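Asker: My structure is below; once you've seen it, I'll send some questions.
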Amino acid sequence: MMDEDIVAKTYYDTPIGTLEIKASELGIRSLCFIDYPTYEQNPTQENLLALIEQLDEYFQGKRSRFNVFLDFQGTEFQRRVWRELMEIPLGGTKTYLEVAKEIKSPKAVRAVGSACGSNKLWLLVPCHRVIGSDGKLTGYAGGLKRKRWLLEHEWGILYGKQKTLF
């Protein structure tokens, strides 16, 4: 499936930037930070409306998991990685090596990193919860400032206030 399968698109302003959200008939196709939104919208699409409501709750600190249909676009390996990322609990982290081991591919650490970089469903498939083996923040397509903010925000959801973690 390509972008011509997109039936609706909208934008959502967050404390750390604007998200462009695209949906197909099957579910949310992509959720990515962008610098220059065009603000084309179709806010009546069911999947978009559900996600916008859940994003509101997440950024208000009232939601720890998302429950929307997703339209994954990737290889089988990428999908295995993304499914594993969805198992990392709010406020938790795993290293790239831990993810590789969980999907039974312990030597595929770089491939796990590449799959994280190919993730077009940020937040919903929480690649921001993956850190380096040394415990430091590494690579995030949305930038390390956003990665840090998201992890600290999730810590705040769990423990009542945002904390500086890194």
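Asker: State whether one or more residues within region 143-155 are acidic (D, E) and in contact with a Ser or Thr (Cβ under 9 Å, 6 or more places away or on another chain). Let's see the steps before the verdict.
Answerer: Filtering region 143-155 down to residues acidic (D, E) leaves 152, 154.
This time we only want the ones that are in contact with a Ser or Thr (Cβ under 9 Å, 6 or more places away or on another chain), so: 152, 154.
Yes, region 143-155 has at least one match.
Asker: Scanning for something in a helix (DSSP H, G or I) and farther than 25 Å from F69 by Cβ, does region 158-165 turn up at least one residue?
Answerer: Yes, region 158-165 contains a residue that is in a helix (DSSP H, G or I) and farther than 25 Å from F69 by Cβ.
Asker: Out of everything in region 41-59 that is acidic (D, E) and under 20 Å from L26 (Cα atoms), what residue ends up being modelled with the lowest pLDDT?
Answerer: Just the residues of region 41-59 that are acidic (D, E), to begin with: 46, 53, 56-57.
Those left that are additionally under 20 Å from L26 (Cα atoms): 46, 53.
Values: E46: 89, E53: 96.
Of everything passing the filter in region 41-59, E46 is modelled with the lowest pLDDT.
Asker: While we're looking at this one, here's another question. Which of the residues that make up region 67-77 are part of a loop (DSSP other than H, G, I, E, B) and either in contact with a Phe, Trp or Tyr (Cβ under 7 Å, 6 or more places away or on another chain) or farther than 15 Å from A23 by Cα (or both)? Walk me through how you get there before you give the answer.
Answerer: Within region 67-77, the first condition is being part of a loop (DSSP other than H, G, I, E, B), and the residues that meet it are 67-69, 71-75.
Across region 67-77, the qualifying residues are F72, G74, T75.
Asker: Quick check on region 144-156. Is at least one of its residues assigned by TED's automatic domain parsing to the domain that holds M86 and either farther than 26 Å from I28 by Cβ or in a loop (DSSP other than H, G, I, E, B) (or both)?
Answerer: No: region 144-156 contains no residue that is assigned by TED's automatic domain parsing to the domain that holds M86 and either farther than 26 Å from I28 by Cβ or in a loop (DSSP other than H, G, I, E, B) (or both).
Asker: Further question: Please verify whether region 99-113 includes one or more residues that are under 22 Å from K22 (Cα atoms) and part of a loop (DSSP other than H, G, I, E, B).
Answerer: no
Asker: Among the numbered conditions (1) more than 24 Å from D35 (Cβ to Cβ); (2) of a type in the set (A, V, I, L, M); (3) without any contact (Cβ under 8 Å) to a residue 24 or more places away in the chain, tell me where A108 comes up short.
Answerer: If we test A108 against (1) more than 24 Å from D35 (Cβ to Cβ); (2) of a type in the set (A, V, I, L, M); (3) without any contact (Cβ under 8 Å) to a residue 24 or more places away in the chain, just (3) comes out false.
Asker: Given the criterion within 13 Å of the chain's Cα centre (by Cα) and not assigned by TED's automatic domain parsing to the domain that holds E154, identify the matching residue among I16, I28. Spell out how you get there, then give the answer.
Answerer: Numbers: I16 fails: within 13 Å of the chain's Cα centre (by Cα).
Only one candidate qualifies: I28.
Asker: Looking at region 40-66 only, could you name the residues that are assigned to a loop (DSSP other than H, G, I, E, B) and under 13 Å from the mean Cα position of the chain (by Cα)?
Answerer: Passing the criteria: S64, R65, F66.
The values are calculated or read from the model by the stated rules, or taken from the named source; none is laboratory data. Bear in mind that the values here come from a model prediction, so they are computed numbers and not experimental data. In this analysis, Cβ positions are derived from the backbone assuming ideal geometry, glycine residues included, and neighbour counts consider all displayed protein chains.
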